[in-house]
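The block underneath contains the structure these notes are about, expressed in structure tokens.
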Amino acid sequence: MYKRILINRYVVALLFFVISAVVIIVTTINRSRSKHPDKFGIGRAAKPEEIAALDIDVRPDGKGLPAGTGRSAAGKLIYEAKCIACHGNGEKTETPLLGEALFLNEVPGAEGASNGVVASSEKAAFAKASSEVKASGNAKASSKGKASAKKSSGEKGDRSSKTIGTYWPYATTIFDYVRRAMPYNAPGSLSNQEVYDLTAYLLYRNHIISENTIVTEQSLPQIVMPSKKKFVEDDRKGGAELR
Amino acid sequence: MKEEGSEHNLFTARKISRRKWLLGGAATAAVVMVQTSLGKMVQAAVPESIVPPLTDSTSVKEALIVADPTKVPGRTPSVSGMPSPYEKVERLPTLTSSRTPLQDLYGTITPSALHFERHHGGIPDIDPAKYELVIHGMVDKPLVFSLADLKRFPSVTKTCFIECSGNYRSGKEEMSPQEICGLTSQSEWTGVMLSTLFREVGVRDKASWFLAEGGDASVMTRSIPVSKGWDDAMIAYAQNGEAVRPEQGYPARLLLPGWEGNTSVKWLRRIELSDAPFMTREETSKYTESVKGGMIRQFSFVMDARSIITFPSFPTQLERGWVEIRGIAWTGRGKIIRVEVSVDDGRSWVNAELQGPVLDKAHTAFRYLWKWEGKETEIMSRAIDETGYVQPSYQELAAARESKGGYHFNPVVRWRIPRSGKVVLST
């Protein structure tokens, strides 16, 4: 009798213990959950026009490019008025430029410049652009640089040889960057028209397109830059191997 | 003559102190504020005893020396402190960057005023009351957060380094750690996890990249894999216990622990979720490096393990006898597990002592006790991180990359100690 009562007491105590443990665990889980809601309801909805005013980025596929046409002849005038003081005119200078050279008259690393040719599928886009504005010429690659094609561009800290033509993998980056950050002393002051014209001019001076090629929102993303094929993604992963 | 002159200085300095002492502490502090600060609270903290000769640095010290601090009441409390006037620890600025004086620091926290700077369009002045961060693109609900909004979210604090990926210079013997690799600094950062904000806006599954954009004149932009955003990315609004410094992105910046500094976009104003990288100028024309086979490596985000002996280093004049070799080691891939030191031109290596706790993606202090007998030698350190990566020698790295420098160059730095004890960089 005595024994049975004792056992029962133990069982009851055990049951009580188990139940309270479960209750504690469940409440703590609930509490920690309520501490970290999925959403806090903080912040206000962004208005579409607000986003549009800030969203100035241009992707390589052309997303973000405004409609427009750029001509290098017009770009030349803008460049000479607003850029040349800091970026020079392609000449080799003794005194360092405030900005760096964006193109060089003598192309040091135009190796593989044939890749600057707009691929055949892209010719259509150019043809279209050209016909739209009755412009002559197709995108044309430079073959001039080939003679001095030995040295790989941008290497060994040789800054002067790193130009749009020898180093930049995407033409859309010119539009994006010049529009957001240049001229250095008056960033964000250029109109889309000016940026288009400057983009055409910089591509022409880098021997990526011909003087008369028109750049549009359709053609710009199609341009294959000479150095694109050199770009590889980071493959370092830590560990013993040195890369 | 010179002696007489300084005596005169001492005399006046003492006289002024005495007069101020007679006026009483509080009154003295007030006088100092009105006379020297033009309303600037920081300058109100100028010590009373050095006020009279502030224009002449020799007399500043003399004034302090003559005043027996046990015989004159010290200055009164102030609204904000300043380093001792004896200390001259400074960054090394150029037009676009400013380097941390690694050789002059102790421990692993960089004082906020000495955190390195690198910006591409100058430091903007941003009114915190007008500050807004917009998150949009591939999200369920584009949102705008004010600074107060950011501070309402659960906060986190993390101590980590930020290092510019273009952080290796060499070429002459007279180069200090500051000049060689002073574009790394460490702070205790506080802010909100980016993942918290990602949940708030409802980042879509298809989003694989995001663009981070700054509100400075360069409107800095970098594309970042979304996975980093879910992992340990933060929006930091505080640094070492106070608001983030203007040079560091006031009022709020992105912080990507362990990744090249440029990706921790300062003065953050916009985040756009996307399914492709944007190929901005900073991830194509800049912050890419030449690697084997004439290729150009892109999106090399993580900073590999690295270390440098900060004492003895140039311009130390070393004395014979016991020397505590000191330095820092760090890695963007987790923790430093070992630092090895060589005091015999790299022939043999011994483990240095690490100062714990060793933190993730953080500057880690190391020490090694050595007795210099006066023989010419070269000393150096190499870091090993938890992935097993061993900091390479210059030759090893140059061979592996087929390059002589550029971004992400983290070779062992060797200090040459000639018999004279005048430490220089081994070139």
By residue number, the members of the stretch A:44-59 that are within 24 Å of the chain's Cα centre (by Cα) and open to solvent by 30 Å² or more (accessible area, probe 1.4 Å) are A:48, A:49, A:50, A:52, A:53, A:54, A:55, A:56
How many residues does the stretch B:361-371 contain that are open to solvent by 50 Å² or more (accessible area, probe 1.4 Å) and closer than 9 Å to residue B:330 by Cα? 0
Among the candidates B:403, B:348, B:342, B:393, single out the residue that is within 14 Å of chain A (Cβ to nearest Cβ), polar (S, T, N, Q) and surrounded by fewer than 21 Cβ atoms within 10 Å (Cβ to Cβ). B:393
Residue under evaluation residue B:290, criteria (1) assigned to a strand (DSSP E or B); (2) more than 7 Å from chain A (Cβ to nearest Cβ), criterion not met: (2)
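Find the residue count for the stretch B:202-219, including only residues that are farther than 28 Å from residue B:125 by Cα and facing another protein chain (nearest Cβ under 9 Å).
1
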The one condition residue A:75 fails out of (1) of a type outside the set (S, T, N, Q); (2) open to solvent by 60 Å² or more (accessible area, probe 1.4 Å); (3) within 29 Å of residue A:222 (Cα to Cα) is (2)
Residue B:241 fails exactly one of the following numbered conditions: (1) within 14 Å of chain A (Cβ to nearest Cβ); (2) of a type outside the set (Ser, Thr, Tyr); (3) open to solvent by 10 Å² or more (accessible area, probe 1.4 Å); (4) without any contact (Cβ under 8 Å) to a residue 60 or more places away in the chain. What is the number of that condition? (1)
Every residue in the stretch B:184-197 that is in contact (Cβ under 8 Å) with a residue 40 or more places away in the chain and surrounded by fewer than 23 Cβ atoms within 10 Å (Cβ to Cβ), please. B:188, B:190, B:193, B:196
Given the conditions (1) open to solvent by 10 Å² or more (accessible area, probe 1.4 Å); (2) more than 28 Å from residue B:168 (Cβ to Cβ), and given that residue B:262 satisfies all but one, which numbered condition is not satisfied? (2)
Looking at residue B:171, is it out of contact with any Phe, Trp or Tyr (no Cβ under 8 Å at 6 or more places or on another chain), closer than 17 Å to residue B:405 by Cβ and either small (Gly, Ala, Ser) or surrounded by 24 or more Cβ atoms within 10 Å (Cβ to Cβ) (or both)? yes
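Is it the case that residue B:129 is open to solvent by 60 Å² or more (accessible area, probe 1.4 Å), away from chain A (no Cβ under 14 Å) and over 24 Å from the mean Cα position of the chain (by Cα)?
Here the answer is yes, as residue B:129 does meet what is asked.
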Against the definition (of a type in the set (Phe, Trp, Tyr), within 11 Å of chain A (Cβ to nearest Cβ) and surrounded by fewer than 20 Cβ atoms within 10 Å (Cβ to Cβ)), how does residue B:145 come out, yes or no? no
What helices (runs of 4 or more DSSP H) lie completely within the stretch A:161-243 and have 1 or more residues being of a type outside the set (Val, Ile, Thr), away from chain B (no Cβ under 14 Å) and open to solvent by 20 Å² or more (accessible area, probe 1.4 Å)? A:192-205
In the list B:421, B:405, which residue meets the criterion of being over 28 Å from residue B:162 (Cβ atoms) and not hydroxyl-bearing (Ser, Thr, Tyr)? B:421
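The values are calculated or read from the model by the stated rules, or taken from the named source; none is laboratory data. Since the structure is predicted, the reported quantities are computational estimates derived from the model, not experimental observations. With ideal geometry, Cβ positions are generated from the backbone for all residues, glycine too; neighbour counts draw on all protein chains shown. In case anyone asks, the SASA skips ligands and DNA or RNA and just uses the protein heavy atoms, side chains included. Shrake-Rupley method; radii C 1.70, N 1.55, O 1.52, S 1.80 Å.
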